[in-house]
1. Assess whether Lys116 counts as being at pLDDT 95 or above, at positive phi and open to solvent by 50 Å² or more (accessible area, probe 1.4 Å).
2. Of all residues in segment 364-391 being more than 19 Å from Glu158 (Cβ to Cβ) and open to solvent by 10 Å² or more (accessible area, probe 1.4 Å), which is modelled with the highest pLDDT?
3. Any idea which residue in segment 264-290 is farthest from Tyr227 (Cα to Cα), counting only those that are in contact (Cβ under 8 Å) with a residue 12 or more places away in the chain and among the charged types (D, E, K, R)?
4. Could we say that Asn62 is modelled with pLDDT under 95 and either open to solvent by 30 Å² or more (accessible area, probe 1.4 Å) or over 17 Å from the mean Cα position of the chain (by Cα) (or both) here?
5. Within segment 181-213, work out how many residues are at pLDDT 95 or above, out of contact with any strand residue (DSSP E or B) (no Cβ under 9 Å at 6 or more places or on another chain) and within 23 Å of Ala124 (Cβ to Cβ).
6. Within segment 179-216, how many residues turn out to be closer than 29 Å to Lys131 by Cβ and in a strand (DSSP E or B)?
7. Please list, ordered by first then second residue, the pairs with beta carbon atoms under 9 Å, 6 or more apart or interchain, first in segment 85-100 and more than 15 Å from Leu320 (Cβ to Cβ), second open to solvent by 50 Å² or more (accessible area, probe 1.4 Å).
Amino acid sequence: MKIRNNVFAITAAALISSAAYAADIKIGLMGPFTGGSASMGVSMRDGVRLAVKEINAAGGINGDKIVLIERDDEAKNERGVQISQELINNEKVVATVGYINTGVALASQRFYQEAKVPVMNNVATGSLVTKQFPNAPENYVFRNAAPDNIQAPMIAKEAVEKRGLKKVAILSDATNYGQLGREDLEKALKIYGVTPVAVEKFNIGDVDMTSQLLKAKNAGAEVILTYAVGPDLAMIANGMAKIGWKKPMIGSWTLSMASFIDTAGKNGNGAIMPETFIQNPPTTPKRKAFVDTYLKEFKPKNGRIDSPVSAAQGYDSVYLLVAGIKQAKSYEGPKILAALENLNTPYEGVVKTYNKPFSPTNHEAINPSDLVMGIVENGRVEYLNKEDAEKPSKR
């Protein structure tokens, strides 16, 4: 009798547990979890996981449990294409969050557009990402990361207007990210009447930047403006040290990646970049709770999130998407789209408070006022301008 009662108790507990959620709702999660972009991808993934864990603990989406379908795109366009089709056609996801690399996004997100499944870019920053389908009656591509046409003017302003450095060199990688970013930089510099004295590119994985740096040096460059990812950016900083030529590095937000900071070491000190989120000091209770929970949950080395921007934006992307699904009261793409374009309730996120972040004509949640400038100092990113440490609390 005792054994029978125990079996009944276990079975009942299992039934109660399974009944806590009406159904499993699949949301795709894709990014580079291995390779040179992994510090961004893993940080984003963990931010997403944290948000999903919180949402499920609070009852899920209208009683349904979120199940993440995670895939490593390895920062490869062809892999991203395969994964996107798998998530849509086989896994039947209601939406996907992710995309770290601009090239992967541009190669892959057309499948979401065709299937009318929303995709929330939470890290890829190429200006074209949300404008890839200008003639479509509906646009299923959203973003809560700072596009390059916002970052590039900030980079140009810091170099030319604030520091008076008009002899600029641009070093960018040969990917879509690097080349589209370079174009945005050149447009931003034109506003100041500045033409770069050198424009050089390199391939992903190049370990010797001597040729590009010597051309910049011989052209009289006073500052190096960059568009690339962490490991390659470190080769620029280390390359300058190798030839005994130290000039300021100002570039896109990827200068905040752990793979740049750790590989460049002391040579990376002083690198400057626009940021939506800086780990320390947390400037709102929401940010502090996020950082504290992330560190406790994932225990990153030395208490430093490898890519704080990716983690914070990944976290917020889930809450924004879920807000749309809840408002739509549906898992149908067109209804979620309509809800996201007219969110009724503000969401206090980690990056900012999102108050009607999207509209039918604007799928960009991040504005120029949401960014601050960061600087690498002794293994961490700090606020370049101390007054900015209080800026997020005023948003």
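The values are calculated or read from the model by the stated rules, or taken from the named source; none is laboratory data. Keep in mind that what you see is a predicted model, and the values were worked out from it rather than measured. Note that each Cβ is placed from the backbone with ideal geometry, even for glycine, and that neighbours are counted across all protein chains shown. For accessibility, only protein heavy atoms count, side chains too; no ligands or nucleic acids. Shrake-Rupley method; radii C 1.70, N 1.55, O 1.52, S 1.80 Å.
1. Numbers: at pLDDT 95 or above: yes; at positive phi: yes; open to solvent by 50 Å² or more (accessible area, probe 1.4 Å): yes.
Yes, satisfied.
2. Filtering segment 364-391 for residues more than 19 Å from Glu158 (Cβ to Cβ) gives 364-365, 378-380, 390.
Restricting the remaining residues to those that are open to solvent by 10 Å² or more (accessible area, probe 1.4 Å) gives 364, 378-380, 390.
Working: Glu364: 98, Asn378: 91, Gly379: 93, Arg380: 94, Glu390: 69.
Within segment 364-391, the match that is modelled with the highest pLDDT is Glu364.
3. My answer is Lys286.
4. Working: modelled with pLDDT under 95: yes; either open to solvent by 30 Å² or more (accessible area, probe 1.4 Å) or over 17 Å from the mean Cα position of the chain (by Cα) (or both): yes.
In short, yes.
5. Number of matching residues: 3.
6. Narrowing segment 179-216 to residues closer than 29 Å to Lys131 by Cβ: 179-196, 199-204.
Now restrict to residues that are in a strand (DSSP E or B): 199-202.
Adding up the residues that qualify gives 4.
7. Matching pairs, first to second residue: Glu86/Arg71; Leu87/Lys26; Leu87/Arg71; Ile88/Glu114; Glu91/Lys26; Lys92/Lys26; Val93/Lys26.
Residues checked against (1) aliphatic (A, V, I, L, M); (2) within 22 Å of Asp232 (Cα to Cα):
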| site | (1), (2) |
| --- | --- |
| Pro134 | no, no |
| Ile150 | yes, no |
| Ser172 | no, yes |
| Lys190 | no, no |
| Val199 | yes, yes |
| Asn203 | no, yes |
